[in-house]
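The values are calculated or read from the model by the stated rules, or taken from the named source; none is laboratory data. Computed from a predicted structure; not experimentally measured. Cβ placement follows ideal geometry from the backbone for every residue including glycine, while neighbour counts extend to all protein chains displayed.
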Amino acid sequence: MRITEALMTENLISNTGSSSASYNNTLNQLSSGKRINQASDDPAGTAKALALQGMISDMDQYSRNSDSAKSFLQYSDSQLGSVTNLIQQARQVAVAAANGATGDSTTQAAYSAQVDAIINQITQLANSDINGRRLFSGTATNTDAFDASDATHAYKGNSGALNAQIAPGVSLQINTPGDSVFSGIFSSLEALKSDIQNGNYTSISNNGIAGMDSSLNAVLTTRATIGNKLNQVSDTADRIQTSQLSLQDQLSTVEDVDLATTYANLQLAQNVYQASLSATSKALQYSLVDYIK
Amino acid sequence: MSNVGTFFGLNIGRSALLTSSAAQDIVGNNIANADTDGYSVQSADIVAGPVTTTGLSGSFNSMGQFGNGVAMAKINRARDMYLDQSLRDALSRQGTQNGAKAGLTEVQNNVNEPSSTGISSAMTSFFNSLSDVQNNPEDTGIRATAVGKAQQLAQVFSSTQAGLDSTRVQMQAQVDNDVENVNSLATQIANLNVEINRATALGQQPNTLLDQRDVALDNLSKLANIKTSAQPDGSVNVSIGGTQIVSGSTTNTVTLASLTANGDLKDGSLAGDASALTDLADYQTKMDDLANEIMGQVNAVHKTGAGLDGTTGLDLFTGTDARTMSVNSVIVADPNKLAVGVPTTAGGKPATGDASNILAMYNLKDKVITAGPLSGQTMQGFYTNMVTELGQKVSNAANMSSASSASVKQLTAQKASVSGVNLDEEMTNMIKYQRAYQAAAKIITTNADMLDMLIGMVK
């Protein structure tokens, strides 16, 4: 084939251009760390990357939801723990009151005051909140579950559920509406108080102590349920974390450059670029003109 | 000394001198134009001069005709018509892919995916912020964050669409420019037809004009799929598909609409630019479809719930398409009006901890849409498909562009091997014509010596 100088020059320019473009492309991949910088770099990979990114964000969200559920459950449990202690104190008062059947009005008043204080403390605990969120008022989270000044201890909250999405399709009720736990406790304590005040010792030993025991049981049952939920949240959070790691790993496979391969490619592209530059510098050095005198 | 004339030999020498010097000029012109775009290498078509038949009686009669020196019949222009057409077809195909690639790349730059700032991640952040509200609906700050995420989502939709709008303006300008170039090249070719026709009628070989016309045809082929047909009078007729745009000295002005209406436009950067423009319009329609679906779905749920103060029936998003999408200013001003819960009694306030409505909104994230343009897909899935489809188009155009570039490169090389100037070859011709000139000069000096001798004899 007859080759002209103009064509040789054109080819040199276009070849040097394409080898410098491939060098530049490899450098870009290495410096960004990403194999896919635009959808066209790998359309199928882009679809996968977008789906994985979405799933990873979802997992992040589930982790946050779990954290929030966990703190709500843990706080509920610790408040109910305090309630347990208070009921145990009330039981001791009941036992003492039943045994000390002396009819001493000063002692009676002291016992009754103790029970009253316990009722007040339990009311405070029942009204406790986390971030302005009442633990035991159902969804009426801005309302105290029980009014301290209300001797009937009527439940002011509702039976609504606070739910947490802790995993795809898994919605967990994290709250315990206060009436189910506290109403029985309050009525037992009120009964105890009035028995003490009335010096009704038989009723204290027959019903009062038993009332405290059943109250303790009610709290413990609730705490057991909360404990189970805490376990469920922790287990789910662990699973979410594991799948998050695996999704991150998959995303990295799709999206990130393989360093070893890319370094090798860079070296190759560099060599080719150097060779094409050196060929260009040597090109068109000779022509017949050099030999015509 | 022959009996054809005393100075006959001198005339032969003169014709040889003139011819070799003219051939040398052609070599010079070739070298001068070695790097000129569209120049076709020229060569001297040298023929023997007219003959002289001796009119005298005698022994010379039997010798018949005497050669009368040398002459240059014409200046040849190296050109291969078949290669010209093949190269033009390849240039058209390359134009299609380059046009589509440039336009679609511009669209893709606006789309900016996969990234942490695109629509995909804004959608995910928005929906996840709703889940945060569910965790703590009492917290005005968290509600405000969710409203902020909704604003971000609306903003990324409107700014992406605005970016695509300005890309569309640029691409439309490019298409208009292409059409204008097609028409102006057609005019140029028609004008050259006239000049070539005139020169040909005078029996001249208008090489420079022919080169110019071929350059114009090459440039036109980059814009559109042209076919040429050479006419006996030296002019060429040019057509795009079934539309004749140059016919001798007249042109037929075309528009994009006139070319696409008949399906004439198949290749060339005009076709590529126009197809990218169509793809862009398609993408923008999908952006609007998606924005409308998000607004419609979210608003429908939002309306059924109520804010903390009992405000109900509000839209969260306002606007009629991606460009105008924004968040209801009433909710922006008071995030407590975000309809997180559902009142238990009509006209009442929802419980502060009730997050049932926001959960329903959050669940829209994975809802498979059952009607309209997104039918059968989730909103996120629809968007992923949009982006992937665009990426696939860019990637195809880029691959096909480099494939067609390869064939253009090869045909250019073939054409250069026919029409290009090779300096070594020209140098060789230069030596050849230099020697021919030296020899012709020798003919003249020898004839002069012979005449000297003749004149000396008379003394």
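For the stretch B:218-228, the condition holds for at least one residue, the condition being that it is among the charged types (D, E, K, R), touching a strand residue (DSSP E or B) at 6+ places or on another chain (Cβ under 7 Å), under 20 Å from B:D80 (Cα atoms) and surrounded by fewer than 17 Cβ atoms within 10 Å (Cβ to Cβ). Out of all the residues in the stretch B:426-451, which are more than 14 Å from chain A (Cβ to nearest Cβ) and closer than 25 Å to A:S287 by Cβ? B:A436, B:Y437, B:Q438, listed by residue number.
If the condition is being under 30 Å from B:N429 (Cα atoms), more than 10 Å from chain B (Cβ to nearest Cβ) and in a helix (DSSP H, G or I), then the stretch A:271-289 contributes A:A279, A:T280, A:S281, A:K282. With respect to the conditions (1) charged (D, E, K, R); (2) at pLDDT below 90; (3) under 30 Å from B:L270 (Cα atoms), B:R93 lacks only one, and its number is (2).
Tell me which residues, restricted to the stretch B:160-175, are without any contact (Cβ under 8 Å) to a residue 40 or more places away in the chain and in contact with a helix residue (DSSP H, G or I) (Cβ under 9 Å, 6 or more places away or on another chain). Once the filter is applied, which keeps residues that are without any contact (Cβ under 8 Å) to a residue 40 or more places away in the chain and in contact with a helix residue (DSSP H, G or I) (Cβ under 9 Å, 6 or more places away or on another chain), the stretch B:160-175 yields only B:S166. Within the stretch A:24-55, the set of residues being under 19 Å from B:N385 (Cα atoms), among the aliphatic types (A, V, I, L, M) and touching a residue at least 40 places away in the same chain (Cβ under 8 Å) comprises A:I36, A:A49, A:L52, A:M55. Apart from one condition, A:D41 fits all of (1) closer than 30 Å to B:Q108 by Cβ; (2) touching a Lys or Arg at 6+ places or on another chain (Cβ under 8 Å); (3) away from chain B (no Cβ under 11 Å); (4) not aromatic (F, W, Y); the exception is (3). Is the stretch B:403-420 home to any residue that is outside any helix (DSSP H, G or I) and either in contact (Cβ under 8 Å) with a residue 40 or more places away in the chain or under 30 Å from A:S159 (Cα atoms) (or both)? Yes.
Looking only at residues of the stretch B:231-261 that are in a helix (DSSP H, G or I) and aliphatic (A, V, I, L, M), we find that the one that is nearest to the chain's Cα centre (by Cα) is B:L256.
Yes/no per residue for (1) in contact with an Asp or Glu (Cβ under 6 Å, 6 or more places away or on another chain); (2) aromatic (F, W, Y); (3) in contact (Cβ under 8 Å) with a residue 60 or more places away in the chain:
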residue: B:Q151; (1), (2), (3): no, no, yes
residue: B:V156; (1), (2), (3): no, no, no
residue: B:E180; (1), (2), (3): no, no, no
residue: B:V194; (1), (2), (3): no, no, no
residue: B:Q204; (1), (2), (3): no, no, no
residue: B:L209; (1), (2), (3): yes, no, no
residue: B:N219; (1), (2), (3): no, no, no
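The set of residues in the stretch B:23-37 being away from chain A (no Cβ under 11 Å) and either surrounded by 16 or more Cβ atoms within 10 Å (Cβ to Cβ) or within 27 Å of the chain's Cα centre (by Cα) (or both) consists of B:A23, B:Q24, B:I26, B:V27, B:N29.
Within the stretch A:225-239, can one find any residue that is out of contact with any Phe, Trp or Tyr (no Cβ under 7 Å at 6 or more places or on another chain), among the basic types (K, R), farther than 30 Å from B:T344 by Cα and touching a residue at least 60 places away in the same chain (Cβ under 8 Å)? If you could, list the steps in order and put the result at the bottom.
Filtering the stretch A:225-239 down to residues out of contact with any Phe, Trp or Tyr (no Cβ under 7 Å at 6 or more places or on another chain) leaves A:225-239.
When the remaining residues are screened for being among the basic types (K, R), the result is A:229, A:239.
This time we only want the ones that are farther than 30 Å from B:T344 by Cα, so: A:239.
If we keep only those that are touching a residue at least 60 places away in the same chain (Cβ under 8 Å) as well, we get A:239.
Within the stretch A:225-239 (the criterion being out of contact with any Phe, Trp or Tyr (no Cβ under 7 Å at 6 or more places or on another chain), among the basic types (K, R), farther than 30 Å from B:T344 by Cα and touching a residue at least 60 places away in the same chain (Cβ under 8 Å)), the answer is yes, since at least one residue qualifies.
Taking the criterion of being under 18 Å from A:P168 (Cα atoms) and not hydroxyl-bearing (S, T, Y), the residues of the stretch B:112-135 that qualify are B:M123, B:F126, B:F127, B:N128, B:L130, B:D132, B:V133, B:Q134, B:N135. Look at (1) in contact with a Ser or Thr (Cβ under 7 Å, 6 or more places away or on another chain); (2) touching a residue at least 60 places away in the same chain (Cβ under 8 Å) and you find that B:V298 fails only one, number (1). Determine whether the stretch B:82-89 contains at least one residue that is under 30 Å from B:M325 (Cα atoms) and crowded, with 18+ Cβ neighbours inside 10 Å. No, there is no match, as no residue in the stretch B:82-89 is under 30 Å from B:M325 (Cα atoms) and crowded, with 18+ Cβ neighbours inside 10 Å. Being out of contact with any Gly (no Cβ under 7 Å at 6 or more places or on another chain), of a type in the set (G, A, S) and either more than 19 Å from B:A154 (Cβ to Cβ) or modelled with pLDDT under 95 (or both) is the filter here; which residues of the stretch B:298-318 pass it? Selection gives B:G307, B:G313.
B:N110 passes every criterion in (1) under 30 Å from A:G138 (Cα atoms); (2) within 14 Å of chain A (Cβ to nearest Cβ); (3) assigned to a helix (DSSP H, G or I) apart from (1).
Report, by residue number, each residue of the stretch A:139-198 that is assigned to a loop (DSSP other than H, G, I, E, B) and among the small types (G, A, S). Full working, then the answer.
Residues of the stretch A:139-198 assigned to a loop (DSSP other than H, G, I, E, B): A:139-145, A:147-154, A:156-162, A:168-169, A:174-177.
Those that are assigned to a loop (DSSP other than H, G, I, E, B) and among the small types (G, A, S): A:A140, A:A145, A:A148, A:S149, A:A151, A:A154, A:G157, A:S159, A:G160, A:A161, A:G169.
With respect to A:G132, is the statement that it is loosely packed, with under 15 Cβ neighbours inside 10 Å, touching a Ser or Thr at 6+ places or on another chain (Cβ under 8 Å) and either among the β-branched types (V, I, T) or within 14 Å of another protein chain (Cβ to nearest Cβ) (or both) true?
Numbers: loosely packed, with under 15 Cβ neighbours inside 10 Å: yes; touching a Ser or Thr at 6+ places or on another chain (Cβ under 8 Å): yes; either among the β-branched types (V, I, T) or within 14 Å of another protein chain (Cβ to nearest Cβ) (or both): yes.
For A:G132, the condition - loosely packed, with under 15 Cβ neighbours inside 10 Å, touching a Ser or Thr at 6+ places or on another chain (Cβ under 8 Å) and either among the β-branched types (V, I, T) or within 14 Å of another protein chain (Cβ to nearest Cβ) (or both) - is met.
Would you tally the residues in the stretch B:360-418 being polar (S, T, N, Q) and within 13 Å of B:N98 (Cα to Cα)?
Initially, the stretch B:360-418 is screened for residues polar (S, T, N, Q), giving B:363, B:370, B:375, B:377-378, B:380, B:384-385, B:388, B:392, B:395-396, B:399, B:401-402, B:404-405, B:407, B:410, B:412, B:414, B:417.
From what's left, within 13 Å of B:N98 (Cα to Cα): B:395-396, B:399, B:401-402, B:404-405.
Summing the residues that are polar (S, T, N, Q) and within 13 Å of B:N98 (Cα to Cα) in the stretch B:360-418 gives 7.
Test A:S31 against the criterion of being out of contact with any helix residue (DSSP H, G or I) (no Cβ under 9 Å at 6 or more places or on another chain) and within 30 Å of A:A264 (Cα to Cα), and give yes or no.
Details: out of contact with any helix residue (DSSP H, G or I) (no Cβ under 9 Å at 6 or more places or on another chain): yes; within 30 Å of A:A264 (Cα to Cα): yes.
It is true that A:S31 is out of contact with any helix residue (DSSP H, G or I) (no Cβ under 9 Å at 6 or more places or on another chain) and within 30 Å of A:A264 (Cα to Cα).
Applying the condition of being loosely packed, with under 15 Cβ neighbours inside 10 Å and at negative phi to the stretch B:368-399 and asking which residue is farthest from the other protein chains (Cβ to nearest Cβ) yields B:A371. Would a scan of the stretch B:408-424 turn up a residue that is surrounded by fewer than 18 Cβ atoms within 10 Å (Cβ to Cβ) and within 30 Å of B:F8 (Cα to Cα)? The answer is no; no qualifying residue exists. Of the numbered criteria (1) at pLDDT below 90; (2) more than 11 Å from chain A (Cβ to nearest Cβ), the one B:L423 fails is (2). Summed over the stretch A:1-17, residues that are within 7 Å of chain B (Cβ to nearest Cβ) and either crowded, with 17+ Cβ neighbours inside 10 Å or charged (D, E, K, R) (or both) total 5. Here A:D67 meets each of (1) within 14 Å of another protein chain (Cβ to nearest Cβ); (2) in a helix (DSSP H, G or I); (3) crowded, with 18+ Cβ neighbours inside 10 Å with one exception, condition (3). The number of residues in the stretch A:160-170 that are more than 8 Å from chain B (Cβ to nearest Cβ) and free of Cβ contacts under 8 Å to residues at least 40 places away in the same chain comes to 2.
Every test in (1) buried (at least 18 other Cβ atoms within 10 Å of the Cβ); (2) under 18 Å from B:I46 (Cα atoms) is passed by B:Q438 save one, and that test is (1).
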